[in-house]
Amino acid sequence: MTPDPATLFKALKSANATTAENSDGTLHFEYAAKSKDGSSAMSGDVTLDADGRIAKVALAGRWQSTAKGRLDTGTFTATLELFDYGVKVKVKRPADVVKAK
């Protein structure tokens, strides 16, 4: 995820999301999607840090599907927190990698 809120809201706009500012200054969005086998709806709140970058995204959603010939439904919640932008990291391949067959 990019820390740039403009990029996030461009993607939300392309999904026909509605957006608004909450009374606490966080940004709120909602959108829904339908397919031949089901539908989903998602909402979220975006908190920006002092530099105007995305600091936190709290998501909630529900879905339904008939892909297996029956009605399946579910809900989810997730929180994504971003911080330490610009901190150098060093990534190493794990020593005990087991190749998939």
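The values are calculated or read from the model by the stated rules, or taken from the named source; none is laboratory data. These figures come from a predicted structure and were not determined experimentally. Counting neighbours? That spans all protein chains shown, and the Cβs are built from the backbone with ideal geometry, glycine included.
Values as computed for the structure displayed
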| read-out | value |
| --- | --- |
| Residue satisfying all of: in the range 23-48; of a type in the set (S, T, N, Q) and under 15 Å from L59 (Cα atoms); modelled with the lowest pLDDT among these | T26 |
| Hey, T7 over 12 Å from the mean Cα position of the chain (by Cα), at pLDDT 95 or above and among the β-branched types (V, I, T) or not | no |
| Residue list for the range 16-41, restricted to those being under 17 Å from L71 (Cα atoms) and either among the hydrophobic types (A, V, I, L, M, F, W, C) or in contact with a Pro (Cβ under 7 Å, 6 or more places away or on another chain) (or both) | A33, A41 |
